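Chemist: One structure, pasted below without further comment.
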Amino acid sequence: MEQRELGKSGIRVAPLALGTNVFRWTIDDTMAFKILDAFTGNGLNLIDTADVYSRWVPGNKGGESETVIGNWLKQRNNRNKVIIATKVGHTMGMGDGMKGLSKKYILQAVEASLKRLQTDYIDLYQSHEDDLNTPIEETLETYDILIKQGKVRAIGASNFTAKRLAESLEVSATRNLPAYQTLQPLYNMYDRAEFEKELEQLCVDKHVGVICFYGLAKGFLSGKYRTKEDATNGAHGSRVVTNYMNERGMRILKALDEVSALHNAKQASVALAWLMARPGITAPIASATNLTQMDELVHSVQLKLSATDLDKLNTASKY
């Protein structure tokens with residue numbers, strides 16, 4: 001299977017990442033293990049999580065996804081065969097200092113993540129969101145400590161603006177500090193404008209790998225939501241109706257239907273294959289809650305869209 005490098009980190013991954021925010025949210029541990037087994041069993045290796053997953057679920061406190069992955073890694077004894085990407089910085093509690101990118105908090109949070117993941121290193125440690133209250137130098141100096149200790153292999157940024165990402169890369173270069181090797185932005189066939197206007201070219205120019213989230217637009221691009229009634233049962237149902245069920249959204253679904261029919265593929269597979277063909281994209285992130293959906297994810301890696309296919313999809317999703 002094709003391998004792509006995470007920025008200039010030397011870490012190579014298959015061109016699709018598994019999103020795991022659904023672990024202990026919409027699927028239990030048993031299904032999560034089946035999903036992880038199927039994902040890795042098909043030659044895929046990049047598993048994306050965060051310390052905050054899935055704190056929003058009643059009864060959860062954060063760390064559930066990392067815990068499930070850690071238990072799976074221990075049972076399967078396959079740590080050296082997967083690339084683990086997790087994140088720090090999102091709000092993990094109501095107490096003072098339970099979020100952000102300060103030295104004190106990162107050093108505390110990384111130990112908690114390592115313990116939950118049952119590993120002694122994290123392949124890709126990502127700033128989950130920007131922290132305007134902490135100097136960029138402080139954050140990068142902390143990552144430098146962790147890299148030198150062998151606890152982190154490479155660092156990435158998530159939800160950063162082009163301006164702040166560029167500033168961070170400049171600090172890395174001038175201060176000889178670790179640089180963000182990846183960016184995790186919102187990007188899919190519907191949500192194109194924010195990434196493409198400024199971030200896309202910056203990432204290409206600076207060799208920053210892109211691991212985009214919501215690759216299927218909260219499930220809309222899978223084609224399963226055609227009416228408001230369809231969306232009533234989904235985890236993101238109300239947001240799908242509000243954000244995507246409009247004339248442009250229906251036009252995109254029509255193009256996906258046509259291209260998927262040509263390839264005897266599911267719409268989700270085509271939508272992800274479109275992302276993999278975009279400039280600078282290393283690996284889109286997608287989640288699965290059952291093995292049928294996992295098959296669609298795997299097929300997306302094998303699917304090769306023609307120039308005509310891409311033109312049709314680009315035209316339909318034009319903004």
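The values are calculated or read from the model by the stated rules, or taken from the named source; none is laboratory data. A quick note: this is a predicted structure, and the numbers were derived from the prediction, not measured. Cβ: placed from backbone, ideal geometry, glycine included. Neighbour counts: every protein chain shown. Remember, those area values only see protein heavy atoms, side chains included, never the ligands or the DNA or RNA. Shrake-Rupley method; radii C 1.70, N 1.55, O 1.52, S 1.80 Å.
Chemist: Taking region 120-152, which residues are touching a residue at least 40 places away in the same chain (Cβ under 8 Å), closer than 15 Å to Ala85 by Cα and open to solvent by 20 Å² or more (accessible area, probe 1.4 Å)?
Modeler: Glu129, Lys151
Chemist: When region 11-25 is examined, which residues are found to be in a loop (DSSP other than H, G, I, E, B) and either more than 17 Å from Cys212 (Cα to Cα) or of a type in the set (A, V, I, L, M) (or both)?
Modeler: Filtering region 11-25 for residues in a loop (DSSP other than H, G, I, E, B) gives 11, 14-16, 20-22, 24-25.
Ile11, Ala14, Leu16, Val22, Arg24, Trp25, listed by residue number.
Chemist: All but one of (1) in a helix (DSSP H, G or I); (2) within 24 Å of Gln201 (Cα to Cα) hold for Ser300; state the number of the condition that does not hold.
Modeler: Single failed check for Ser300: (2).
Chemist: Let me ask another. Which one is least open to solvent (accessible area, probe 1.4 Å) among residues in region 153-182 that are among the basic types (Lys, Arg) and free of Cβ contacts under 8 Å to residues at least 60 places away in the same chain? Steps first, answer last, please.
Modeler: Filtering region 153-182 down to residues among the basic types (Lys, Arg) leaves 153, 163-164, 175.
Now drop any that are not free of Cβ contacts under 8 Å to residues at least 60 places away in the same chain, which leaves 163-164, 175.
Working: Lys163: 137, Arg164: 46, Arg175: 119 Å².
Once the filter is applied, the top-ranked residue is Arg164.
Chemist: Keeping to region 72-106, report how many residues are of a type outside the set (D, E, K, R) and surrounded by 15 or more Cβ atoms within 10 Å (Cβ to Cβ).
Modeler: Within region 72-106, the first condition is being of a type outside the set (D, E, K, R), and the residues that meet it are 72-73, 75, 77-78, 80, 82-86, 88-95, 97-98, 100-102, 105-106.
Of the ones still in play, those that are also surrounded by 15 or more Cβ atoms within 10 Å (Cβ to Cβ) are 72-73, 82-86, 88-90, 92, 100-102, 105-106.
Number satisfying all stated conditions: 16.
Chemist: Right, something else. Those residues that are closer than 22 Å to Gly43 by Cα and basic (Lys, Arg), I need them from region 267-319; list them, please.
Modeler: Arg278, Lys304
Chemist: Could you tell me how many of the residues in region 178-224 are among the aliphatic types (A, V, I, L, M) and more than 14 Å from the chain's Cα centre (by Cα)?
Modeler: Count: 8.
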